[in-house]
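Student: The structure follows.
The values are calculated or read from the model by the stated rules, or taken from the named source; none is laboratory data. Just so it is clear, the model here is predicted, and its values are computed rather than measured. Neighbour counts run over all protein chains shown; Cβ positions are idealised from the backbone, glycine included. In case anyone asks, the SASA skips ligands and DNA or RNA and just uses the protein heavy atoms, side chains included. Shrake-Rupley method; radii C 1.70, N 1.55, O 1.52, S 1.80 Å.
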Amino acid sequence: MPDLPTPQDAAEAALFSECWDAVLAYADLCTSGSTAAAQLGREAFAHGTREARAAETGPVRSAGRRAARLPRIPLLLTAVRTTAAAWEEEGQGHKLDPDLRLWLNSDKAARYTGPPLTRPIALRSLRDLQQADAELLWLSEVEALPLSVVARRLGLDPATAADELQQVRTLFRDRCHRNHLDSPMDAQCRSYARLLDAVTRSSPADTPRDLSRHLATCVQCAEAAACLRLHGGGLPGALAGGVIGWGGLAYLERRRRAAEVRLGAGRPGPADKATGEPEDGEQKARVARNGLLVAAVLVSVLALGVSMMPFGGSGEDFGARGEVGRQPVADPNPEPP
């Protein structure tokens, strides 16, 4: 089992602490037991961290931009998926969830590694955003963190964070529309593209019957509709499913429950105030948060007892990454993936 990478500074230590929780949650979904979950999580974390560091220090492309990449958490989650695929190829598939093994050997999995224009629209569009915008969208929509927490972590003004998030949502929608039009599609799908854009722009709009029938049978256009429709609460699912792939919706639900319990843990009860031991309450909340992951968490605590100690922080110091100078919404001329 590989060692976890050593954080380079305090800011990265706080980031590691936050990201490991997400990686373990998804690794548990992907495996057949808690021991395998910890192993898959560690391998993916090490691989994804190396990839992120290489991208951050890589050469700058034209117009002063680095190569497009995902924010750290979704990047690490895709590393879990690709590590699981490597296990399947190397004869370790018995450690994986049986449904994941079926998915890995299907055309659905091939979309995530195939030609760029055939990959899921949500994945391509999130990569198109500037890093700060993509991170704001992911933390708010998929990790289900309150906007006040996200603003603090990303160095945003809480008074304007809601407006900025709405701008980023709109920008993501525009990227999705462009990527949908750029995707290879047959004549029928292309004939519905403009109507699909119009119908998904306003919540009261009724979907014409012929378009509704088409969306019921065409996966590509149905995915596009989910990404384009910003109202109705479907954006988190479109992001999680399109970026992560298998188990995206289950991961989304786990992160929502984790966020709810974490918020509860942030309000100490009378016993905590009286004893002055917030660590005990935090530990209880952490165990409760992972109600369906108790075994996996216990294994990970043992496995990471030494290697994670230097990370420090609880993940609430995420804003220490120095993104206070974050520029609001995004480059209008991204380079193609």
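Student: Placing +1 at every Lys and Arg Cβ and -1 at every Asp and Glu Cβ, with all other atoms neutral, what dipole size does the stretch 114-266 have around its Cα centre, in debye to the nearest 20?
Tutor: 260
Student: Same structure again: Scan around L96 for amide H atoms under 5 Å from its own, H built in the peptide plane at 1.01 Å from N, and keep only partners 5 or more places away or cross-chain.
Tutor: Excluding prolines and chain starts, which carry no amide H, the hits are S32.
Student: Efficiency by 1/(1 + (r/R0)^6): what FRET value for R213 and A10, r their Cβ-Cβ distance, R0 = 45 Å, to the nearest 0.05?
Tutor: The pair R213/A10 has a calculated efficiency of 0.20.
Student: Please turn the phi angles of the stretch 117-122 into ³J(HN,Hα) values with the Karplus equation 6.51 cos²θ - 1.76 cosθ + 1.60 (θ = phi - 60°), one per residue in order, whole Hz, x for glycine and proline.
Tutor: Residue by residue, the stretch 117-122 yields 6, 9, 6, x, 4, 4 Hz.
Student: Lys and Arg at +1, Asp and Glu at -1: add these up for the other residues within a Cβ distance under 14 Å of G232 and post the number.
Tutor: With Lys, Arg at +1 and Asp, Glu at -1, the net is +2.
Student: Let me ask something else about it. Among 32-39, 91-98, 209-216, how do they line up from the highest to the lowest mean number of other beta-carbon atoms within 10 Å?
Tutor: 32-39, 91-98, 209-216
Student: With θ set to phi - 60°, apply the Karplus curve 6.51 cos²θ - 1.76 cosθ + 1.60 along the stretch 138-152 and write out the HN-Hα couplings as whole Hz, x wherever there is a Gly or Pro.
Tutor: Per-residue couplings from phi come out as 5, 5, 6, 8, 9, 6, 6, 7, x, 4, 5, 5, 4, 4, 5 Hz.
Student: Need the C-alpha centroid separation for the stretch 105-138 versus the stretch 221-253, integer Å.
Tutor: Centre-to-centre distance over Cα atoms comes out at 12 Å.
Student: In whole Hz, what ³J(HN,Hα) sequence does the stretch 39-54 give by Karplus (6.51, -1.76, 1.60; θ = phi - 60°), x for Gly and Pro?
Tutor: Per residue, the Karplus-derived 3J(HN,Hα) values read 5, 4, x, 5, 4, 5, 4, 5, 5, x, 5, 4, 5, 5, 5, 5 Hz.
Student: Rolling a 1.4 angstrom probe over the protein chains, ignoring ligands and nucleic acids, what is the accessible area of C189 in square angstrom, nearest 10?
Tutor: 10
Student: Ratio of the stretch 114-266's C-alpha Rg to 2.2 N^0.38 Å, to two decimals?
Tutor: Rg over 2.2 N^0.38 Å, computed on Cα atoms: 1.09.
Student: Which percent of the accessible heavy-atom area of the stretch 114-266 goes to carbon and sulfur, probe 1.4 angstrom?
Tutor: 55
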